[in-house]
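Q: Below you will find the structure I want to go over with you.
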Amino acid sequence: MKWTIHARVFVAAVGLVGITSFASLLLILYIHRYPITILPGANRSDESVGREVSAAKGPIKSTNLPICENPFLQPGFVWYNDSQEETQTTWVPFYPNLLEQPYALTTIEPNLEPVDPHTSEGDPYFPTESPPQELLDVAPHQWMQDMVRHYELYNANEGQSSPSPEFHELQNRLLWLRNRRILIVSDSVDRYQSEYICNRLGLELTHSKKGRQTAAWCHIPAWNLTLMNWHIASVSPTRPSWWWIEEMSIVNVEERWTEYYLPTLSDTIGMNGKSPDLILFHTGLWDHTYFIRGPEAQGQNATWSRSLNWRELRFYMQRLRTVITMLRTQFGDDVPIMCRSVTLKKSLLSNVSILNLDRAARFVCNELDIEIMEFGEIITGYFEFYKDMVHIDRGPLSVLWANMIFWNLFRTQGGVEVRGELRKIPSNNTKVVSPADGWNTCHNDFMNAKHY
């Protein structure tokens with residue numbers, strides 16, 4: 001009897017130990033899968049917490065990151081400093097896990113020290129501070145800075161037999177630009193941006209003899225690189241009698257296509273023999289004026305702050321489809337096309353209907369499987385960098401535009417960049433027969449990515 005009792009106690013003890021061990025194992029696995037975060041101040045330093053959380057959640061920069069991650073679709077901010085050269089402007093993306101990095105966990109408080117004891121009593125303020133280098137390291141590559149520096153060193157080394165190592169490095173990194181073609185079907189906002197690229201490289205934008213608002217191009221001999229601009233003056237199928245620019249004799253896209261665009265076709269075709277390497281498409285500001293000024297011909301007042309009605313938006317979307325279909329018919333269904341998000345006018349009261357057009361364009365482009373270049377969204381409100389009520393001046397924003405264009409051109413050539421790291425740079429011998437081959441690598445991912 002006593003032996004039986006002892007046996008039962010023994011079995012119960014073994015079972016309890018087993019259950020306890022099993023529970024402990026489950027707890028260990030749970031903690032490993034869902035690490036406990038110790039908040040700063042709980043007998044741990046901010047730095048040690050940062051290391052633990054960073055190790056648990058994963059660093060912002062890692063070799064295991066997916067290659068299809070568009071920095072310009074991440075939330076972030078434009079970093080520029082009045083004391084720095086404008087080509088150092090960059091888009092600083094906020095990647096997932098950013099707030100768990102050591103440099104983001106450091107406590108920041110306003111500075112209470114008076115700037116000037118005679119004029120300030122210590123009101124809180126935040127002194128200008130550059131982003132931490134770890135954050136700048138994951139920013140998209142600054143192609144415009146490379147191109148300008150290459151131009152400067154080329155001029156400095158002209159006639160010398162031994163260029164500097166820096167020049168050789170830039171030369172090799174930029175070889176993929178050779179023989180590339182970018183077609184920009186848009187308005188003067190983008191034409192000015194092309195012109196700024198040319199100017200920074202000591203060149204001038206060439207305008208068609210048929211007028212500034214027809215076709216223009218920037219050809220960069222160093223790489224046989226051409227940015228072709230086809231000016232689009234709204235999606236109107238006719239030239240209304242009330243059109244406000246007298247010298248613009250042709251408005252509708254179909255006529256402009258034949259009269260202005262096709263004569264420049266040979267300078268637009270890339271190495272694949274049928275299309276440019278990349279097309280940037282946008283129309284919005286001219287359409288805005290077209291819809292607002294139209295009622296004036298019927299004796300009504302032009303209400304710039306009004307919202308567009310369904311009939312206007314339906315017309316706009318139908319015509320957008322027509323123009324994009326023309327581009328694909330001309331260059332092939334697989335040509336890489338991006339739609340640029342609209343840039344607002346400097347007057348806030350006249351932007352309601354422009355926003356209507358932007359949202360309609362986003363819908364059409366999504367339906368037609370076309371990516372959005374979020375330049376307009378990123379620079380919303382940066383009116384201090386405008387040269388007038390409509391156009392963006394040369395400066396930080398024009399550098400950002402250039403970097404976004406070349407970041408996407410880099411994709412078409414099979415280039416791979418992951419959080420600021422150039423993982424694959426196409427060589428001079430790399431000749432992508434179809435730019436779509438490189439473009440399609442990440443196209444579906446970017447189409448499905450969240451736009452902030």
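Q: How would you order 65-76, 236-247 from highest to lowest mean count of nearby Cβ atoms within 10 Å?
A: Details: 65-76: 17.3, 236-247: 11.8.
Going by the mean number of other Cβ atoms within 10 Å, highest first, we get 65-76, 236-247.
Q: Here's another thing I want to ask about it. Quick one: net charge around Leu278, please, counting Lys, Arg +1 and Asp, Glu -1 for every other residue with C-beta under 11 Å from its C-beta.
A: Once positives and negatives cancel, what remains is +1.
Q: What ranking of Tyr261, Tyr103, Tyr386 emerges when the number of other C-beta atoms within 10 Å of each C-beta is taken as an exposure proxy, fewest first?
A: Tyr103, Tyr386, Tyr261
Q: How do the peptides 227-233, 192-198 rank, highest first, by the average count of neighbouring beta carbon atoms within 10 Å per residue?
A: Listed from highest to lowest mean packing, they are 227-233, 192-198.
Q: Going by amide H atoms built from the backbone, whose H comes under 5 Å of the H on His141, apart from near neighbours?
A: Gly420
Q: Which of the peptides 336-349, 278-291, 163-176 is most tightly packed, and how do the rest follow, going by the mean number of other Cβ atoms within 10 Å of each residue? Please list the in-between numbers first.
A: Values: 336-349: 19.9, 278-291: 23.9, 163-176: 15.0.
Taking the mean over residues of other Cβ atoms within 10 Å, the ranking is 278-291, 336-349, 163-176.
Throughout, read-outs are computed from the coordinates displayed, never taken from laboratory work. Because the structure is a prediction, the values reported are computed rather than measured. Backbone-built Cβ (ideal geometry, glycine too); neighbour counts: all protein chains shown.
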